[in-house]
Amino acid sequence: MAVVAPAPPTEVKAYDTRNDAGKSITIEWKLSATDVGDVAVLKGYEIYRSERPDSGFENIGFVLCGKTSYDDNSTQDGKKYYYYVRAVSPTGFADSEITGPVTSKAQWFNTDRTNILILAVLFGFLIIWYIERAKKGEKLFIRKITGLDAIDDAVGRATEMGRPILFSFGLGVITDIVTIAALSILGKIAKKSAEYQTTLLVPNYDPIVMTAAQETVKQAYMEAGRPDLYNESNIPYLTTDQFGYAAGVDGIMVREKPGAVFWQGYFFAESLILAETGHTIGAIQIAGTTAITQLPFFIAACDYTLIGEEMYAASCYLKPDPQMLGSLKGEDFAKVVTIGIIVIAAVIGTLAHFKVYTFDKIFEFLIDLFGPMRMIFGR
Amino acid sequence: MKRQVPLVITFLTGVLLVITFFIPHEPLGSLEQRFLIWYTIVAGFTYLLGLDSLVRYHLLKVRDKKPGWVYSIILIFGLAVTLVLGFYSWAKFKSPFTLGCPFMYLYTYIIIPLQATMFAILAFFIASAAYRAFRARTFEATLLLIAAGLVMLGRVPLGSWLWREIAYLIGLIPGVNGVELGKFELFARINDWIMDVPQTAAKRGIFIGTYLGAIAMSIRIILGIERTYISSS
């Protein structure tokens, strides 16, 4: 039986991998004509590399059929390399032409992130501009956030009932920006609870968050003039196990029966277990999270819920000095800009769909501009 | 001075990390990774603080005979047993995570069932929360109830069966092909539409707000405007 060699891959090109820290070359090719996506017909492609164009080629990698690129991450920056790609079938192989020389080098700017840089500079400028306007004494309107207005009532209610207050950061760690926002809210609650002489319990999932919470509460008690009321054991570490934490907090709630419960931070599946237990003990509950999937549970089980951005606005809302309010206003304007871009893109997309004028090209440009952001943020 | 130093460190670190996001070249390209390694090392040590806090909290509870102090004894006992078995498994099997070693036995037959039990409770809580949320007291709650009912019908075999039966009845009208109509899967299509259009739109709206809020908060922290994390005022 005659051995049948596959068709070779064509148009092989090698180039320095874009937007990386160097030490990498990308090799691309067009599929072999034999490649029908079946390993029984064509197993895949072997990649060969050499520092000379005529000899010394070594196999440096393999990819399965259907693939058209390979990243060689074992290069030395500045050194010249030559490549070819071999199509391998069960019955034989076929080599592409040799391509090169190509060298790898590190880049000083990630061009895929240009759009983010532009938007970050624009949004940063808007925020700083509004801060400056606020500093000049301009009166800025901030809408009411009922959940934050209810904090005083909740603390007051717990005090009147003679019950403690419970605050939880959920499963958030200190690198979550929402935890920092929650610390701001904790500071406000701690100060109020010190003034009203009401016990504040803060069981923790993460030891670093516990340390930050202890410092925040201690500082708030000192500012309220009641450092004597501060008790470190009211801000304990429980466990870094999701459901262990839920069980621990549930236990504290059932035993201590807090009059007010604050769920502020990042939550996962334990959110409803916690909030429903809070409901059964009759506590007034104020939740706040940026975890979209948990928001419906909090809305169903709690009295008030801070939705996403409202949590980040909390510190500005609770401490309305010009700089804070200005940044909030700048954020709102950035939102208006974003909505404007979405509406314009939707109109252009619709016109492109109906092939009106050259809107398809403009729409493609918009996709190219904003597409990489989706990849970076993963949404 | 006590407050200025953390603010300066925050500013420098924040600006540096923002810059490195756009620069892949070494040494800046891997700086974020290095920071995360440092964070992991620091976090490792803080577990000792956590352990200290946990043990002290429960020992005080036992000493003062506070409500539920018996559970504190069980917790301290459990902690000690886990620690001893962990070290024993480490010494005898070279790793506490070796399959079949006492530590893994503890994990597989005690921790996992306990976690599963807590997770299972969620089913009952979903039922009670859904009952309250779906009570049609207001227009919005009624809308939620209808949408939730349709989504549920679109996701279970009952919905498919129900639509086929409805289509059969419609098919009794002369000129209407009930069998073909039954393949239309109306409830599944309504479910897809609710999830893909209004649900996704609302979710994206919240996402946009959340991300912009995070950017604004980050700028406030980096510029030292937001200081509540180092002081409540």
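The values are calculated or read from the model by the stated rules, or taken from the named source; none is laboratory data. For clarity, every value in this text was computed on a predicted model and none was experimentally measured. We place every Cβ from the backbone using ideal geometry, glycine too, and count neighbours over all the protein chains shown.
Here are some notes:
- Some residue of region A:112-129 being farther than 30 Å from A:D368 by Cβ and either surrounded by fewer than 16 Cβ atoms within 10 Å (Cβ to Cβ) or in contact with a helix residue (DSSP H, G or I) (Cβ under 7 Å, 6 or more places away or on another chain) (or both): no
- Selected residue [of a type in the set (D, E, K, R) and under 29 Å from A:E270 (Cα atoms)] from B:R204, B:R220: B:R204
- Some residue of region B:95-105 being within 30 Å of A:S271 (Cβ to Cβ) and in contact (Cβ under 8 Å) with a residue 40 or more places away in the chain: no
- Cβ pairs under 6 Å, 6+ apart, first in region B:51-62 and without any contact (Cβ under 8 Å) to a residue 40 or more places away in the chain, second outside any helix (DSSP H, G or I): B:S53/A:P236; B:S53/A:Y237; B:L54/A:Y237; B:Y57/A:P236
- Filtering B:L122, B:L54 for residues that are assigned by TED's automatic domain parsing to the domain that holds B:L17 and assigned to a helix (DSSP H, G or I) leaves a single hit, B:L54.
- Filtering region B:77-110 to residues that are within 14 Å of chain A (Cβ to nearest Cβ) and buried (at least 16 other Cβ atoms within 10 Å of the Cβ) leaves B:T82, B:L106, B:Y107.
- Qualifying residue in region B:162-178 (condition: under 24 Å from A:Y304 (Cβ atoms) and surrounded by 12 or more Cβ atoms within 10 Å (Cβ to Cβ)): no
- Counting only helices (runs of 4 or more DSSP H) wholly contained in region A:252-330, the ones carrying 1 or more residues that are under 15 Å from A:K188 (Cβ atoms) and at pLDDT below 90 occupy A:309-318.
- Test: residue in region A:75-82 that is outside any loop (DSSP other than H, G, I, E, B), at pLDDT 90 or above, surrounded by 14 or more Cβ atoms within 10 Å (Cβ to Cβ) and in the same structural domain as A:I27 (by TED's automatic domain parsing): yes
- Only one of A:G288, A:G265, A:G282, A:G259 that is free of Cβ contacts under 8 Å to residues at least 60 places away in the same chain and not basic (K, R): A:G282
- In the set (1) within 13 Å of chain B (Cβ to nearest Cβ); (2) buried (at least 24 other Cβ atoms within 10 Å of the Cβ); (3) over 25 Å from the mean Cα position of the chain (by Cα); (4) not small (G, A, S), the condition left unmet by A:F169 is number (3).
Condition check ((1) over 30 Å from B:F134 (Cα atoms); (2) crowded, with 21+ Cβ neighbours inside 10 Å; (3) in contact (Cβ under 8 Å) with a residue 40 or more places away in the chain) across all residues:
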| site | (1), (2), (3) |
| --- | --- |
| A:L272 | no, yes, no |
| A:F297 | no, yes, no |
| A:Y312 | no, yes, yes |
| A:P322 | yes, no, yes |
| A:L328 | yes, yes, yes |
| A:A345 | yes, no, no |
| A:I362 | yes, no, no |
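- For region A:41-53, the condition of being in contact (Cβ under 8 Å) with a residue 60 or more places away in the chain and in a loop (DSSP other than H, G, I, E, B) holds for none of the residues.
- Residues (outside any loop (DSSP other than H, G, I, E, B) and either crowded, with 19+ Cβ neighbours inside 10 Å or aliphatic (A, V, I, L, M) (or both)) located in region A:29-40: A:W29
- Condition check for A:F125: aromatic (F, W, Y), within 11 Å of another protein chain (Cβ to nearest Cβ), within 28 Å of A:K335 (Cβ to Cβ) and without any contact (Cβ under 8 Å) to a residue 24 or more places away in the chain: yes
- The residues on offer are A:V337, A:V254, and the sole one that is surrounded by fewer than 23 Cβ atoms within 10 Å (Cβ to Cβ) and in contact (Cβ under 8 Å) with a residue 40 or more places away in the chain is A:V337.
- Filtering A:T199, A:T179 for residues that are more than 8 Å from chain B (Cβ to nearest Cβ) and touching a strand residue (DSSP E or B) at 6+ places or on another chain (Cβ under 6 Å) leaves a single hit, A:T179.
- The condition of being touching a residue at least 60 places away in the same chain (Cβ under 8 Å) and touching a strand residue (DSSP E or B) at 6+ places or on another chain (Cβ under 8 Å) holds for only one of A:S104, A:S74, A:S89, that being A:S104.
- Within region A:127-162, tally of residues that are more than 27 Å from A:K192 (Cα to Cα) and acidic (D, E): 2
- Filtered by the rule that a residue be crowded, with 19+ Cβ neighbours inside 10 Å and facing chain A (nearest Cβ under 7 Å), region B:50-59 gives B:G50, B:S53, B:L54, B:Y57.
- Residue that is nearest to A:S233 (Cα to Cα), among those in region B:10-49 that are among the β-branched types (V, I, T) and surrounded by 12 or more Cβ atoms within 10 Å (Cβ to Cβ): B:T46
- Near pairs, Cβ below 6 angstrom, 6+ apart or cross-chain, from region B:154-168 (assigned by TED's automatic domain parsing to the domain that holds B:L186) to any residue that is among the basic types (K, R): none
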